[in-house]
Structure formats: structure tokens, C-alpha cells
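The values are calculated or read from the model by the stated rules, or taken from the named source; none is laboratory data. Values in this document were obtained by computation on a predicted structure and should not be read as measured data. Every residue, glycine as well, gets a Cβ built from its backbone with ideal geometry; the counts of neighbours run over all protein chains shown. Areas reflect the complete protein model, heavy atoms only, side chains present, ligands, DNA and RNA absent. Shrake-Rupley method; radii C 1.70, N 1.55, O 1.52, S 1.80 Å.
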Amino acid sequence: MIAQTERDQISVTGKHQYAIAPEFSAKMILSMVNVYYDAQTTNISELKSTYMEKLAKAGIPTEQVVEKPFHYAMLGYDKEGTVYEFKTKSIETLQKFLMVKAIGVQKNDTNLKTTLTDQQMAEYATAAYEDAKEKASMLAKKIGRKIGKATFINDSNRNEIVESLYYGSSADTRDYQISVTFELL
């Protein structure tokens, strides 16, 4: 006979929600491709100066708006243009930037970026582990069992978080998740 060497196990996911204070980045495409009228009387220099004036009028610090011509070249448009990138730690300022409308300008992308320290990651992993342990204990109790030691932990969280912002996404919290397998006694 072969003896059973594996114990019964229970696997759960634990999570911990934490606050973030990210830096936001938005890119706007300014292009003659996006000009549908007055094309004969408008040129790229006029589009750029009009856009910068509108940004300044909206209270956007134009010295923080960086031109990225290489990004525009990578888009492959057949008419003149450029990409402007704006970075800020204020969601309100980002929103003001995104609301500035000008001829020839369209939104390219909007991202957030934050970096967790090793200490934060250890703290969040511990909290997520405690959540997983509590879930596993409650589930085991429902079937008349208990949990033993953790036999497997998977933590695939990264120190640096770079995410695209989209409608409805949170800009101030994230979840730290781990998977944990416990012995089932």
C-alpha cells in the first residue's frame, strides 16, 4: 500500500486595501490630422501657441507641459504634429488639463504611477496574509475543520505601479493581494 503523504489543503486569496498618492501623467496629441476646418489658414505653430495660451488661461503651469516629438513620430501620422505630456500629483489639476479644448488636440492617454517601499510591501503583505488566514479559518470552521500552517504563499505584487486611468477607476487606493494555501486539519 502507498501511504498518503499530502494533507488536505485550503487555498484563499487575502487582500489589503491601501492609500496611494500617485503622480499623474496625461498625453495630448496636437496634430494637423485633427484639423477639419480652416485647414488652409491654420498651421502647426498657430495650433501650438493657441493650445499653450488656453492651458495658461486655465491655470495649468505651461512649464510642466513637455513636448514629446518622438512620441508623435511613433504614431505614424502623415501630417505635422506633436505630443504634449503633463505630469502632476493633483487629480484636480490633471482634470483641468484634460478639460482644456483646442483645435487639433485630442487625448492620447492618462496614467498614474506610484512606488511602494519595501517596508510598505512587507506591511501590506502581512495585512493581506492575516485576511487570508481569517478567510481560511472561517471556511474550515463551516465544514468542521481547522487550518494548520501555511504551506504556500504567492505574492506577485510589484514595487512600481503604472496603470492607465479609465472611467471609474480609483486614483487613491489599490488592493494588495496574495494567495495562501493552508493545511486543513
For this session: Evaluate segment 60-67: report whether one residue or more is at pLDDT 95 or above, surrounded by 15 or more Cβ atoms within 10 Å (Cβ to Cβ), in a strand (DSSP E or B) and within 29 Å of the chain's Cα centre (by Cα).
Result: yes
For this session: Could you figure out which of (1) modelled with pLDDT of 95 or more; (2) loosely packed, with under 13 Cβ neighbours inside 10 Å isn't true of GLY76?
Result: (1)
For this session: Scan GLU85, GLU80, GLU92 and give me the residue that is touching a helix residue (DSSP H, G or I) at 6+ places or on another chain (Cβ under 6 Å) and not hydroxyl-bearing (Ser, Thr, Tyr).
Result: GLU80
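Output the number of residues of segment 89-138 satisfying the condition of being acidic (Asp, Glu) and under 30 Å from ASN43 (Cβ atoms).
Summing the residues that are acidic (Asp, Glu) and under 30 Å from ASN43 (Cβ atoms) in segment 89-138 gives 1.
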Problem set entry | segment 145-157: number of residues that are open to solvent by 70 Å² or more (accessible area, probe 1.4 Å) and either more than 25 Å from the chain's Cα centre (by Cα) or among the β-branched types (Val, Ile, Thr) (or both) | 5
Exercise. Considering only residues of segment 92-123 that are β-branched (Val, Ile, Thr) and surrounded by 14 or more Cβ atoms within 10 Å (Cβ to Cβ), which is nearest to LEU165 (Cα to Cα)?
Worked result: THR110
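Tell me the residue from ALA21, ALA56, ALA26, ALA125 that is in contact with a helix residue (DSSP H, G or I) (Cβ under 7 Å, 6 or more places away or on another chain), of a type outside the set (Phe, Trp, Tyr) and touching a residue at least 12 places away in the same chain (Cβ under 8 Å), please.
Values: ALA21 fails: in contact with a helix residue (DSSP H, G or I) (Cβ under 7 Å, 6 or more places away or on another chain); ALA56 fails: touching a residue at least 12 places away in the same chain (Cβ under 8 Å); ALA125 fails: in contact with a helix residue (DSSP H, G or I) (Cβ under 7 Å, 6 or more places away or on another chain).
It is ALA26.
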Exercise. Are there any pairs, at least 6 apart or on different chains, whose C-beta atoms fall under 8 Å, with the first in segment 158-176 and closer than 11 Å to ASN111 by Cβ and of a type in the set (Gly, Ala, Ser) and the second open to solvent by less than 60 Å² (accessible area, probe 1.4 Å) and in a strand (DSSP E or B), and if so, which?
Worked result: SER164/ASP109; SER164/THR110; SER164/ASN111; ALA171/PHE24; ALA171/LEU112
Exercise. Is segment 158-177 home to any residue that is open to solvent by less than 20 Å² (accessible area, probe 1.4 Å) and either on the phi < 0 side of the Ramachandran plot or more than 18 Å from the chain's Cα centre (by Cα) (or both)?
Worked result: yes
